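The values are calculated or read from the model by the stated rules, or taken from the named source; none is laboratory data. Keep in mind it's a predicted model, so treat the numbers as computed, not measured. Reconstructed Cβ throughout: ideal geometry from the backbone, glycine too, with neighbour counts over all protein chains shown.
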Amino acid sequence: NAGVTQTPKFRILKIGQSMTLQCTQDMNHNYMYWYRQDPGMGLKLIYYSVGAGITDKGEVPNGYNVSRSTTEDFPLRLELAAPSQTSVYFCASSYSGGVSQPQHFGDGTRLSIL
Amino acid sequence: AQSVTQLDSHVSVSEGTPVLLRCNYSSSYSPSLFWYVQHPNKGLQLLLKYTSAATLVKGINGFEAEFKKSETSFHLTKPSAHMSDAAEYFCVVSELDDGGSQGNLIFGKGTKLSVKP
């Protein structure tokens, strides 16, 4: 059982380049999330999705886009990479959005913008 | 608005001694509370959760946490530290969003636990 899988694990981008961070889960979870983690800080929510075809903004959505065409996949796109987007990105999923539902996390994508 | 404060950014203990990681929260309603652990270059793993049942919650790897409403605290403890416990620990509060339908997670800034041999 793979859980939440993120690719790539590491990436270096130049300013202005674009890329897509991939996330897939095999737990048939309805809810999926993207977070960023900056040094010395907790995780901040970028976007989330409550099901295929439905996405919504989190706390820090600027500079990012998402789509959810299937239950399993929730890619995150950076259109014009900026140094401020250097961070570790985590994808997570949960069965529902209830307050007692724990989220399951992938191992992260470490992204540097130079 | 809900918030989480982890009172120590770094805690260092010797192997075999007790662990105490402190967390205070602010919440308008009855929250759900979680502790997650993050080992180097890994994602977050759920240690334990509180969801308004028993106030003393037992988790994996010998960790437990006690919910104290009067003190708005949810401290994480372990009787005897092991070298493998060295990691970063996050206290997390979950509350319904403004629409009342979605549980949003609010993360503390983390406490890095070091374990000396």
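Please pick out the residue among B:GLU66, B:GLU71 that is surrounded by 15 or more Cβ atoms within 10 Å (Cβ to Cβ) and either more than 10 Å from every other protein chain (Cβ to nearest Cβ) or not in a strand (DSSP E or B) (or both).
On the way: B:GLU71 fails: surrounded by 15 or more Cβ atoms within 10 Å (Cβ to Cβ).
Selected residue: B:GLU66, the only one of B:GLU66, B:GLU71 that is surrounded by 15 or more Cβ atoms within 10 Å (Cβ to Cβ) and either more than 10 Å from every other protein chain (Cβ to nearest Cβ) or not in a strand (DSSP E or B) (or both).
Residues that are at pLDDT below 90 and of a type in the set (Val, Ile, Thr): does the stretch B:57-79 have at least one?
no
Please go through the stretch A:53-63 and give me each residue that is out of contact with any Asp or Glu (no Cβ under 9 Å at 6 or more places or on another chain) and more than 11 Å from every other protein chain (Cβ to nearest Cβ), ordered by number. So that I can check it myself, show each step before the final result.
Residues of the stretch A:53-63 out of contact with any Asp or Glu (no Cβ under 9 Å at 6 or more places or on another chain): A:53-62.
Within the stretch A:53-63, A:GLY53, A:ILE54, A:THR55, A:LYS57, A:VAL60, A:PRO61, A:ASN62 meet the criteria.
Considering only residues that are in a loop (DSSP other than H, G, I, E, B) and within 17 Å of B:PHE63 (Cβ to Cβ), which ones fall in the stretch B:8-25? Show your work before the answer.
Within the stretch B:8-25, the subset in a loop (DSSP other than H, G, I, E, B) is B:8-9, B:15-18, B:22.
Correct list: B:ASP8, B:GLU15, B:GLY16, B:THR17, B:PRO18, B:ARG22.
Which residue out of A:LEU21, A:LEU45 is closer than 19 Å to B:TRP35 by Cα and in a strand (DSSP E or B)? Walk me through it before giving the result.
On the way: A:LEU21 fails: closer than 19 Å to B:TRP35 by Cα.
Criteria check complete, one pass: A:LEU45.
Mind listing whichever residues of the stretch A:33-48 are away from every other protein chain (no Cβ under 11 Å) and among the hydroxyl-bearing types (Ser, Thr, Tyr)?
A:TYR47 - this is the single residue of the stretch A:33-48 that is away from every other protein chain (no Cβ under 11 Å) and among the hydroxyl-bearing types (Ser, Thr, Tyr).
Only strands (runs of 3 or more DSSP E) wholly contained in the stretch A:74-114 count here; list those with 1 or more residues that are within 26 Å of B:PRO31 (Cβ to Cβ), in contact (Cβ under 8 Å) with a residue 60 or more places away in the chain and in contact with a His (Cβ under 8 Å, 6 or more places away or on another chain).
Numbers: elements: A:76-78, A:87-94, A:109-113.
Because the criterion is at least 1 residues that are within 26 Å of B:PRO31 (Cβ to Cβ), in contact (Cβ under 8 Å) with a residue 60 or more places away in the chain and in contact with a His (Cβ under 8 Å, 6 or more places away or on another chain), the strands (runs of 3 or more DSSP E) in the stretch A:74-114 that meet it are A:87-94.
Here are some conditions: (1) assigned to a loop (DSSP other than H, G, I, E, B); (2) touching a strand residue (DSSP E or B) at 6+ places or on another chain (Cβ under 6 Å); (3) among the hydrophobic types (A, V, I, L, M, F, W, C); (4) within 11 Å of another protein chain (Cβ to nearest Cβ). B:ALA81 meets all but one. Which one does it not meet?
The number of the failed condition is (4).
I'm checking my understanding of the structure. Among residues of the stretch B:28-46 that are part of a strand (DSSP E or B) and at the interface with chain A (Cβ under 7 Å from one of its Cβ atoms), which one is surrounded by the most Cβ atoms within 10 Å (Cβ to Cβ)? Write out each step before concluding.
Taking the stretch B:28-46 as the starting set, the residues that turn out to be part of a strand (DSSP E or B) are B:32-38, B:44-46.
Narrowing the set further to residues that are at the interface with chain A (Cβ under 7 Å from one of its Cβ atoms) leaves B:32, B:34, B:44, B:46.
Details: B:SER32: 21, B:PHE34: 26, B:LEU44: 29, B:LEU46: 16.
Ranking the qualifying residues of the stretch B:28-46, first place goes to B:LEU44.
In the stretch B:1-27, which residue that is crowded, with 16+ Cβ neighbours inside 10 Å and more than 11 Å from chain A (Cβ to nearest Cβ) is farthest from A:GLY98 (Cα to Cα)?
Checking each candidate, the answer is B:VAL13.
Evaluate the stretch A:56-79: report whether one residue or more is closer than 15 Å to A:ASN28 by Cβ and of a type in the set (Val, Ile, Thr). Write out each step before concluding.
Narrowing the stretch A:56-79 to residues closer than 15 Å to A:ASN28 by Cβ: A:68, A:70-74.
Adding the requirement that they be of a type in the set (Val, Ile, Thr) leaves A:70-71.
Scanning the stretch A:56-79 turns up at least one residue that is closer than 15 Å to A:ASN28 by Cβ and of a type in the set (Val, Ile, Thr).
Within the stretch B:85-93, does at least one residue satisfy the condition of being more than 14 Å from chain A (Cβ to nearest Cβ), among the aromatic types (Phe, Trp, Tyr) and either surrounded by 21 or more Cβ atoms within 10 Å (Cβ to Cβ) or not in a helix (DSSP H, G or I) (or both)?
If we filter the stretch B:85-93 for residues that are more than 14 Å from chain A (Cβ to nearest Cβ), which is where we start, we get B:85-86.
If we keep only those that are among the aromatic types (Phe, Trp, Tyr) as well, we get none.
Within the stretch B:85-93, not a single residue is more than 14 Å from chain A (Cβ to nearest Cβ), among the aromatic types (Phe, Trp, Tyr) and either surrounded by 21 or more Cβ atoms within 10 Å (Cβ to Cβ) or not in a helix (DSSP H, G or I) (or both).
Pick out the one residue from A:THR24, A:THR20 that is under 20 Å from A:GLY63 (Cα atoms) and β-branched (Val, Ile, Thr). So that I can check it myself, show each step before the final result.
Details: A:THR24 fails: under 20 Å from A:GLY63 (Cα atoms).
Of the residues listed, the single one that is under 20 Å from A:GLY63 (Cα atoms) and β-branched (Val, Ile, Thr) is A:THR20.
Can you work out which of the residues in the stretch A:30-51 that are among the aliphatic types (A, V, I, L, M) and either in contact with an Asp or Glu (Cβ under 8 Å, 6 or more places away or on another chain) or buried (at least 16 other Cβ atoms within 10 Å of the Cβ) (or both) is farthest from A:THR109 (Cα to Cα)? Spell out the reasoning first.
Filtering the stretch A:30-51 down to residues among the aliphatic types (A, V, I, L, M) leaves A:32, A:41, A:43, A:45-46, A:50.
Right, trim to either in contact with an Asp or Glu (Cβ under 8 Å, 6 or more places away or on another chain) or buried (at least 16 other Cβ atoms within 10 Å of the Cβ) (or both) and you get A:32, A:43, A:45-46, A:50.
Working: A:MET32: 16, A:LEU43: 13, A:LEU45: 15, A:ILE46: 14, A:VAL50: 22 Å.
Looking at the filtered set, the residue picked out is A:VAL50.
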